[in-house]
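Written below as structure tokens is the structure these notes are about.
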């Protein structure tokens, strides 16, 4: 276990900044780097591993400045997205390569390789060359090579990207246990939000080389700092509706198909501003037409997704709203219906900047106390 | 392969035979000539029926050439030895210098690296005769003319750019991640070069080395101008067969057979590396 600190790291390629951030990873933490491709996640891992150098900033591993230390002396383990196995070596030699550099005895190397190979269930293919391995075995060999030296800092670059869905699911279950047993500080890169939620103690969301939000999986899911982040987390995706809040008797409200939806906590400061209202499909339910605040819609289509059923509905202005309900719960199949929105679970974003707007209630309360 | 109709198979066979005959005919003809005397070679009409003789080979190996005007000394075996020595050492030097340079050009883009690489390639553009005159002057001034050292140096103009550019391509084809992985596993850049880059580019290096060897072996003009009799390779030495009493076709044919043998043997031996080299792209992942 060790800590990692990236201080004001800047990396440019051909005059373009591809990375510009600071990041702290705690001892033994499992941090997931999440973002679309081209966000700079892989560049960041390589900077930490020491195979590329930052243009500015410092890399500290375990509190020690490693910025100018060569990759082979940093003592990190890394698994590559494309596996990067040595094609001319057997799986055994591939894994052993992380030990041979440290001048261990032959027996110690063999024992170390056997142990990690058993753990990853590839002990029967150790004599094979990468060409003779299946994709899953290649992926496990790459992982074994990263793990075998018990590095205090483990960098995993989307290791499940190039394996089939079944294996990915298995590994998603297996990895947390494996990594916990390893006791290393882990940085895990992925583009799959479910993987990020399943594996991360914290998730760092990156766009265009910048860190946009960092927090626990629940933080990111419940209060995404930006529209883009809200859109990337969640399946089915969050409903995003353009609204212009208006002033009501008890705070601001948004109008959806002529129905007023309260925006709890928001005051006059947002009235008249172009906003985007975000509501997760699971926070919308079907309700009776007579219920207070029921929004009239037409049911368009229904998609069963194993544990839940997702319904696509359209408002009078033909805006799409997705509604998710647990499978087995009855719901309308077609025709007119009414929706109830859990107003406590709504998110309001500024349309211009895309940033999440926080309720100003605490501030107004303080004002009230002052008065 | 898909099943072929008999007609298709026959046509394909005929086409292949034609190609093989077309390309092999001169070599076969020379091979036959090497076992004949000048008289049987030059008779009209020509015939492939003759009593074979080993005189031509005997003359080459003993260095005594019997002509109508008497016995002539030829240094063919010495020329052959020179060819082997010059080509082998030139390729060895070019590999020792060119492979690390190719790696540097492939992996480290530094200011002016493309320009340097291109300058090295441009040695191949210049007509050799253009370079030769100033080179001869300098070599005489430096005392390098008519030395093996000087010849091997000049042969680098042939071998080095070839090896540099071919091998560089092979190094560039190796995924950088594979090398990164070895570095991160705790190995120095030099051992990464030795244990990862070199073996993976091995077939390419073999192919480039073979090609450079053939080019060096076939070189004529550098050796003609810069080497005197005892340092000449076979390409220049073959001129000795044009004698006052006529051209010794039989011996020339025997000399050709002897001088293509090393390259042919090397090419056959290196064939599997060449094939591997061509399929190097398949090692990804």
Give the residue, chosen from A:130, A:159, A:87, A:152, that is closer than 26 Å to residue B:200 by Cα, crowded, with 17+ Cβ neighbours inside 10 Å and within 24 Å of the chain's Cα centre (by Cα). A:159
If the requirement is being touching a strand residue (DSSP E or B) at 6+ places or on another chain (Cβ under 9 Å) and either surrounded by fewer than 21 Cβ atoms within 10 Å (Cβ to Cβ) or at pLDDT below 90 (or both), which of these qualifies: B:232, B:251, B:271? B:251
For the subset of the range A:98-126 comprising residues that are within 14 Å of chain B (Cβ to nearest Cβ) and over 33 Å from the mean Cα position of the chain (by Cα), which member is surrounded by the fewest Cβ atoms within 10 Å (Cβ to Cβ)? A:103
Hey, among A:79, A:84, A:98, which residue is assigned by TED's automatic domain parsing to the domain that holds residue A:137, at pLDDT below 90 and touching a helix residue (DSSP H, G or I) at 6+ places or on another chain (Cβ under 7 Å)? A:98
Test of understanding: among B:42, B:11, which residue is within 29 Å of residue B:71 (Cα to Cα) and surrounded by 10 or more Cβ atoms within 10 Å (Cβ to Cβ)? B:42
Considering each of A:10, A:32, A:18 in turn, give the residue that is touching a helix residue (DSSP H, G or I) at 6+ places or on another chain (Cβ under 6 Å), surrounded by fewer than 20 Cβ atoms within 10 Å (Cβ to Cβ) and either part of a strand (DSSP E or B) or at positive phi (or both). A:18
It is to be established whether one or more residues within the range B:159-176 are within 14 Å of another protein chain (Cβ to nearest Cβ), out of contact with any helix residue (DSSP H, G or I) (no Cβ under 7 Å at 6 or more places or on another chain) and farther than 30 Å from residue B:43 by Cβ. yes
Filter the range A:49-77 down to the residues that are part of a loop (DSSP other than H, G, I, E, B), out of contact with any strand residue (DSSP E or B) (no Cβ under 7 Å at 6 or more places or on another chain) and within 14 Å of chain B (Cβ to nearest Cβ) and list them by number. A:50, A:51, A:52, A:53, A:69, A:70, A:75
Residue satisfying condition, being out of contact with any helix residue (DSSP H, G or I) (no Cβ under 6 Å at 6 or more places or on another chain) and under 20 Å from residue A:224 (Cα atoms), within set A:292, A:310, A:299, A:279: A:279
If I filter the range B:231-241 for residues that are farther than 26 Å from residue B:153 by Cα, more than 14 Å from every other protein chain (Cβ to nearest Cβ) and more than 16 Å from the chain's Cα centre (by Cα), do I get at least one hit? yes
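For (1) in the same structural domain as residue B:123 (by TED's automatic domain parsing); (2) out of contact with any strand residue (DSSP E or B) (no Cβ under 6 Å at 6 or more places or on another chain); (3) not in a helix (DSSP H, G or I), each residue gets a yes or a no:
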residue: B:26; (1), (2), (3): no, yes, no
residue: B:51; (1), (2), (3): no, yes, yes
residue: B:88; (1), (2), (3): yes, yes, no
residue: B:103; (1), (2), (3): yes, yes, no
Residues within the range A:247-262 that are over 16 Å from residue A:317 (Cβ atoms), out of contact with any helix residue (DSSP H, G or I) (no Cβ under 7 Å at 6 or more places or on another chain) and touching a residue at least 12 places away in the same chain (Cβ under 8 Å), tallied: 3
Within the range A:135-145, can one find any residue that is buried (at least 21 other Cβ atoms within 10 Å of the Cβ) and not in a helix (DSSP H, G or I)? no
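The values are calculated or read from the model by the stated rules, or taken from the named source; none is laboratory data. If you're wondering where the values come from, they're calculated on a predicted model, not measured in any experiment. Here the Cβ is made from the backbone with ideal geometry for all residues, glycine too, and neighbour counts use every protein chain on show.
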